[in-house]
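*Asks:* Here it is, the structure, as structure tokens.
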């Protein structure tokens, strides 16, 4: 049965079910500091969604601008964003003995899904939790296949399992609609978008595009230093397991055919075409938004 959002109502197969029927139920809004989750937060305010609580899971692998932006959102909107601490990206990788990859994206579950599920369960134990997430079909083929709502079970030690009712009210929005609700709400987008970033969250994400990484490494060279240090720490365990690939932050599959794979320095060398990264101007001080946010 197709389910979608219309105002404050759940519409399923033509039958309108008002959210007011579950007056005491909490509507959890997942916030990351990125454009889509900010649009979701603003949507919940605009739609006057009742009983909202806003939650953010800290991966401890974020640019400082994200933390500043969350405070900005609280100040401008009046909502309180509950911070949930995860074990942290580096500690997770050391425990796993490897970094996540495009084919093994255990980071999302370990650093966001499970910590938020634990937090929500402690706030309302035993309930089926209603969670709103700002995913959009435009982002990827996998997300394009998502239904507007779905049930999900999250399992975590010790033998706990919570049921979540997931809602994707922005599923059919395009990126222009995302920034439009920012504008009409008087909310500035995260400043990282004007610095050439395509996504905001883990900094960098293993799913980041090459052009975005070129921009990031040029504008924030300290990121390369951080990754180099992390590769050394995670690599001790990875080498003990006999897998050299797993101590590389970026999977070897991202290296061109015929290139010698390796760690972050080898990866940067492949992106670098000399003293300046290819495709970038000498001066990176101005607005570089790929979304046309510079006007």
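The values are calculated or read from the model by the stated rules, or taken from the named source; none is laboratory data. Values in this document were obtained by computation on a predicted structure and should not be read as measured data. When we count neighbours, we look across all protein chains shown, and the Cβ atoms used for this are built from the backbone with ideal geometry, even at glycine.
*Asks:* So which residues in segment 41-60 are within 18 Å of the chain's Cα centre (by Cα) and within 20 Å of residue 119 (Cα to Cα), if there are any at all?
*Replies:* 41, 54, 55, 56, 57, 58, 59, 60
*Asks:* From the list 225, 273, 237, 283, exactly one residue is farther than 20 Å from residue 102 by Cα, more than 18 Å from the chain's Cα centre (by Cα) and modelled with pLDDT of 80 or more. Which is it?
*Replies:* None of the other options fit; the residue is 225.
*Asks:* For segment 87-117, which residues satisfy the criterion of being part of a helix (DSSP H, G or I), touching a strand residue (DSSP E or B) at 6+ places or on another chain (Cβ under 9 Å) and under 22 Å from residue 223 (Cα atoms)?
*Replies:* Scanning segment 87-117 gives 89, 107, 111, 112.
*Asks:* Further question on the same structure: Has segment 41-48 got any residue that is at pLDDT 95 or above, farther than 19 Å from residue 193 by Cβ and in a loop (DSSP other than H, G, I, E, B)?
*Replies:* yes
*Asks:* Mind checking which residues of segment 177-222 are without any contact (Cβ under 8 Å) to a residue 60 or more places away in the chain and assigned by TED's automatic domain parsing to the domain that holds residue 37?
*Replies:* Scanning segment 177-222 gives 180, 183, 184.
*Asks:* In segment 145-169, how many residues are part of a strand (DSSP E or B) and out of contact with any strand residue (DSSP E or B) (no Cβ under 7 Å at 6 or more places or on another chain)?
*Replies:* Result for segment 145-169: 2.
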